[in-house]
Structure formats: C-alpha cells, structure tokens
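The values are calculated or read from the model by the stated rules, or taken from the named source; none is laboratory data. Since the structure is predicted, the reported quantities are computational estimates derived from the model, not experimental observations. No Cβ is skipped: glycine too gets one built from the backbone with ideal geometry, and neighbour counts run over all protein chains shown.
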Amino acid sequence: MSSIARFVAALERRAASRSWFFDIYAFPYRALVARELRLAEVSAGATVMHIGCGSLPFTAVLTAQLSGARVIGVDRDADAVVKARAVVARLELRERVSILEADASVDRLPTADVILVALQAGPKTAIYRNIARCAEAGPGRRAVRVVFRLPRPGLEGEYGTFTPSAPSARAVRHRMPTFDRSELHLVDRSRYVA
C-alpha cells in the first residue's frame, strides 16, 4: 500500500465515527460520483458494486442517494468493513447499501450491473480480470459496466497501473488532486480470454 493510501485509510478509520466529517469528506465527490453514474448509465433499480469502499463508504452512499440503485460496498480490510457498516447504519441506508468483506482481485464477487473501482483499490489489472471471471453477462444481459478511477500522471507509483485487455468505451475528467479521470470499461465474460 502506498504512503498516500495508508494516510487516507488511517484518516478514514479515525473519522468514521464522526457524522460531520463524513459530510465534509463526501462533499467534493458529489458531482464527481454523479458524472460517473451518468458515464455508466446507472438507473434506479440497478445493482452497483463499489470496490475499495474503505471505512467511509461515501461513493457507495452517494451512489444510492443520487441514483436509487442498490449498492454493495466491497473492501478487503476487515476493520474498514466494520466501520463502513456502522456508517451505513447511522445514515439509515441498510436497506439500500450493504458492505461485504472480500478481496476483489481474487474472491468471487456478487452480480452487479455496474462496478465502480476506487482509486486506492488494487491491483487494478487483477481486479479487472477477476471481474471478467465473475461477470454474468450473456443473452438478454448487458455487459458489466466497470468504472475505474485512475491516477494523475506521475502518481501511478502510489496507486498502481491499469492494463485492461481492451480500450475504454468512454471517460470523464475530474479536477481532483490525485486522480483526473474515470474510465468506463465494458466486461462481457463470453468475450473474455484469461
């Protein structure tokens, strides 16, 4: 884990029990998450998975609030999962947001229409391959839409690189200090070759 990711994870763990901090921390992400939801064409009733939700699952919460989707937050850190579940309960969103402990690079993932991958989640290429292995696309079902937040040039050492098997379908730009874009990738298991 990079030094920036360790710092962010520690900050989120300490702040997870403070409601006011969640609101402040999530504020700059509201418009960003809305852009990502439009990019992935998320609609009410969809199932969205957020990989790398951390202790403060603001992307999962904002996704549920902005789209009406059912959201599954995923993190491999057991302590982060406990804290994220407490945040979701405090916000009274347990009916729409659930939190799952899993390593998205190797564990079997639940079915989702859209998957949002956090900047800190990694290794990204392994997560992409695992999503392709778990994807349940096929007759009558769209390809899984996967959105990756990608680091600004020069920060790949902190957040890892991403080498997808196909180019992105579309992308949106952001003005965040650590990442400047989110890319949409369409994953269809029937076309995936490991």
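To keep it simple, each residue is scored yes or no on (1) crowded, with 16+ Cβ neighbours inside 10 Å; (2) in contact with a Ser or Thr (Cβ under 6 Å, 6 or more places away or on another chain); (3) touching a residue at least 60 places away in the same chain (Cβ under 8 Å).
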site: Val42; (1), (2), (3): yes, yes, yes
site: Ala46; (1), (2), (3): yes, no, yes
site: His50; (1), (2), (3): yes, yes, yes
site: Val71; (1), (2), (3): yes, yes, no
site: Arg85; (1), (2), (3): yes, no, no
site: Asp107; (1), (2), (3): no, no, no
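Every residue in the range 153-170 that is of a type outside the set (Phe, Trp, Tyr), crowded, with 16+ Cβ neighbours inside 10 Å and either touching a helix residue (DSSP H, G or I) at 6+ places or on another chain (Cβ under 9 Å) or closer than 18 Å to Ile4 by Cα (or both), please.
Leu155, Glu158, Gly160, Pro164
For the list (1) at pLDDT below 95; (2) assigned to a loop (DSSP other than H, G, I, E, B), I need the number of the one condition that Glu158 fails.
(2)
Output the residue which, of all residues in the range 73-113 that are of a type in the set (Gly, Ala, Ser) and more than 14 Å from the chain's Cα centre (by Cα), is farthest from Gly45 (Cα to Cα).
So the residue we want is Ala78.
Within the set of pairs 6+ apart or on separate chains, which have a first residue in the range 151-166 that is basic (Lys, Arg), a second that is at pLDDT 90 or above and surrounded by 12 or more Cβ atoms within 10 Å (Cβ to Cβ), and C-beta atoms under 8 Å apart?
From the range 151-166, the pairs are Arg152/Thr178; Arg152/Phe179; Arg152/Asp180.
Please find, within the range 114-143, the residue that is modelled with the highest pLDDT out of those that are farther than 21 Å from Asp77 by Cβ and either in contact with a His (Cβ under 9 Å, 6 or more places away or on another chain) or in a loop (DSSP other than H, G, I, E, B) (or both).
By that ranking, first place goes to Ala143.
Filter the range 1-40 down to residues that are within 19 Å of Arg181 (Cα to Cα), surrounded by 18 or more Cβ atoms within 10 Å (Cβ to Cβ) and either of a type in the set (D, E, K, R) or in contact with a Pro (Cβ under 6 Å, 6 or more places away or on another chain) (or both), then give me how many there are.
1
Any residue in the range 89-101 that's within 11 Å of Gly73 (Cα to Cα): show its pairings with residues that are small (Gly, Ala, Ser) and not in a helix (DSSP H, G or I) at Cβ separation under 6 Å, as long as the two are six or more apart or on different chains.
From residues that are within 11 Å of Gly73 (Cα to Cα), the pairs are Ile99/Gly73.
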